[in-house]
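First up is the structure itself, then whatever we jot down about it.
Read-outs: derived from the displayed coordinates by stated rules, not from any lab. All values reported here derive from a predicted model rather than from experimental measurement. Cβ coordinates were reconstructed from backbone atoms using ideal geometry, including for glycine residues, and neighbour counts include every protein chain displayed.
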Amino acid sequence: MQPITVAIADDDGGRRARYEHTLQGEQGIQVLADAVTCAGDMSSNRRLSPRSNMTAIENVVARIRRLKPRILFADLKQCTDEDCAMLVSLRRECPETLVVVLADESVQQEDRVMQALATGARGYMDIEADVMHVAKAVQVIDRGEAWVPRQMLGKVMDQVMHWCHTSSIEANLDPAC
């Protein structure tokens, strides 16, 4: 059985190291090289080094395309902007990579997390969550399931119902899905 490959795109080196350390001890999981190179941290491996002629998003997407992880943990700050450009690019360029966004539980982040999920992220984890849940999230997402805290499920369902209702009205169909 092939291991589940995981990459972590997070500018916070300490947090990234914590996740990597936790996952490296898990059977069936292989942690790949850093998905993000922090400023001043130039990889000796030229193919993983950031390119100066590319935007930050293009650099991350290019690295993920080369690493080909099954699962990518990515800091929400890197994933969401007005257009969720990084997530859209990852879906287009690396469709086999499943993204889990990392964010804190602040109310301000909630809309951004929902936007990331709507754009194709397969899950969401609180940045400060017990790192022991990281391996479980990898296994769950690899099986095709989503990883979303229970308190977020109600909001996800509200969004689905809103979308369903709006789509039905736009299609001039019965408003019941």
(message) Can you give me the long-range amide H partners of Thr5? Hydrogens built in the peptide plane at 1.01 Å from N, cutoff under 5 Å, separation of 5 or more residues or another chain.
(response) Gln30, Arg70, Ile71
(message) If I stretch the segment between Val140 and Arg91 completely, what's the gain in nm (0.36 nm per residue apart, minus their alpha carbon distance), one decimal?
(response) 15.7 nm
(message) For Val99, what residues show an amide H to amide H distance below 5 Å, using hydrogens built from the backbone and excluding near sequence neighbours?
(response) Leu72, Arg122
(message) At 7 Å along Cα-to-Cβ for each site, give me the label-to-label distance between Lys155 and Ile127 in nm.
(response) 1.6 nm
(request) Quote to one decimal, in nm, the extra length available between Asp104 and Gln2 on full extension: 0.36 nm per residue of separation minus the C-alpha distance between them. (result) 33.5 nm
